[in-house]
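The next block holds one structure in the form of structure tokens; read it before the comments.
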Amino acid sequence: MLRFGILSTAKIGRDAVVPAIQDAENCVVTAVASRDLSRARQMADRFSVPHAFGSYEDMLSSDTIDAVYIPLPTSQHVEWSIKAAQAGKHVLCEKPIALKAQEIEQLIAARDAGQVLICEALMIAYAPVWHKVRALLSEGAIGTLKHVQGAFTYFNRDAANMRNIPELGGGGLPDIGVYPAMATRMVTGMEPVRVQARTDRDPEFGTDIYSSVKADFGSFEMSFYVATQMANRQVMVFHGTEGFIEVRSPFNADRWGAEEIELTNQKHTVSQIFRYQDSRQYRRQAESFARAALGQEAEVVTLENSLGNQRFIDAIYRASDRDGWEAV
């Protein structure tokens, strides 16, 4: 069993990741750390976790854990991932693991120096729906892929929410732009060559609240938009010469709605519908990470993969400040 320590009591950990780790077959939460010991103890008691620490450093130096899950604000991800690696702990860090590609290069160096595993927690990489999309594309179910279309939006104007605070790494592209980018790269095995983009920022918060992106992958194009102040929407469509694949509830599996893949042929007749009642993508993420950390064969989101995704996001920001194409 891989023993996890949870580095902070953040909501994503409480609501999604810690319950998934406790439900997993090969890992368990043995410690919770917070800068407030009472909060750490409260969360530890909630999940029947034996150890609570009043500082992150104390937990990292403890022999009660083998790995950490980091759900801190984005601006602290790199710092604490490196500190955990230096302490000899494996790291599963919430997305986005960094805000610049150069920072991920620093994480790769820390991973190699510490001989530990560092992974970005992009749970969609473990969801059966995305494995099925990859298989359908590989089998030629829609012929030659020509265009990918996506959207991920929600509405949040809470000034206290980290997504609306630039100093904490807030913004739409870091928070949700990573999902259509990673999903497309993951299922096609292709990388974007160049991008065009428009990005709008909130005049009060300063964070990016809307981005519309066109990406050239060489053999196909991708267009998607993300927004933090629009009505909720999630969809991904892969359109080929002989049909198209529409993925419903593609990112927030189970919480958003039923996960479904609808395969439509060239004559616009629905030929197959694939339904996933409970993908448990957070549990699958924890189990795959644990297998890899324990030296077993497992498919995980490598830092090299995260680096490719961050280069995509970085290029979108650069393209938003100019007319025309920007190389990735």
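Structure data summary
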item	result
Of the criteria (1) assigned to a strand (DSSP E or B); (2) over 30 Å from residue 267 (Cβ atoms), which one residue 116 fails	(1)
Meets criteria (at pLDDT 95 or above, more than 28 Å from residue 279 (Cα to Cα), of a type in the set (Gly, Ala, Ser) and not assigned by TED's automatic domain parsing to the domain that holds residue 212) for residue 169	no
Sole exception among (1) farther than 30 Å from residue 87 by Cα; (2) β-branched (Val, Ile, Thr); (3) part of a helix (DSSP H, G or I) for residue 148, by number	(3)
Enumerated strands (runs of 3 or more DSSP E) restricted to segment 226-318, each holding at least 1 residues that are surrounded by 16 or more Cβ atoms within 10 Å (Cβ to Cβ), touching a Gly at 6+ places or on another chain (Cβ under 9 Å) and in contact (Cβ under 8 Å) with a residue 24 or more places away in the chain	229-240, 243-248, 259-265
Residue list for segment 212-225, filter: crowded, with 22+ Cβ neighbours inside 10 Å and either among the polar types (S, T, N, Q) or not in a strand (DSSP E or B) (or both)	none
Of all residues in segment 159-203 being among the polar types (S, T, N, Q) and closer than 28 Å to residue 71 by Cβ, the one that is surrounded by the most Cβ atoms within 10 Å (Cβ to Cβ)	184
The one condition in (1) in contact with a helix residue (DSSP H, G or I) (Cβ under 8 Å, 6 or more places away or on another chain); (2) aliphatic (A, V, I, L, M); (3) under 26 Å from residue 300 (Cβ atoms) that residue 142 fails to fulfil	(3)
Members of segment 52-67 found to be hydroxyl-bearing (Ser, Thr, Tyr) and either buried (at least 22 other Cβ atoms within 10 Å of the Cβ) or farther than 15 Å from residue 38 by Cβ (or both), listed by number	56, 61, 62, 64
Matching helices (runs of 4 or more DSSP H) fully within segment 1-69 where at least 1 residues are among the acidic types (Asp, Glu) and closer than 20 Å to residue 124 by Cα	18-23
Test: residue in segment 95-102 that is in a loop (DSSP other than H, G, I, E, B), of a type outside the set (A, V, I, L, M, F, W, C) and crowded, with 17+ Cβ neighbours inside 10 Å	yes
Extreme residue, farthest from residue 198 (Cα to Cα), among residues of segment 224-254 that are of a type in the set (Val, Ile, Thr) and in contact with a strand residue (DSSP E or B) (Cβ under 6 Å, 6 or more places away or on another chain)	245
Test: residue 99 is under 26 Å from residue 5 (Cβ atoms) and either in contact with a Pro (Cβ under 7 Å, 6 or more places away or on another chain) or at pLDDT below 95 (or both)	yes
Per-region count, segment 127-168, residues within 23 Å of residue 78 (Cβ to Cβ) and within 16 Å of the chain's Cα centre (by Cα)	1
Filter result for residue 209 (buried (at least 18 other Cβ atoms within 10 Å of the Cβ), within 23 Å of the chain's Cα centre (by Cα), farther than 20 Å from residue 317 by Cα and among the β-branched types (Val, Ile, Thr))	no
Matching residues in segment 58-93 - criterion: being among the charged types (D, E, K, R) and closer than 27 Å to residue 160 by Cβ	79, 83
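The values are calculated or read from the model by the stated rules, or taken from the named source; none is laboratory data. These figures come from a predicted structure and were not determined experimentally. As a convention, Cβ positions derive from the backbone with ideal geometry for all residues, glycine included, and neighbour counts pool all protein chains shown.
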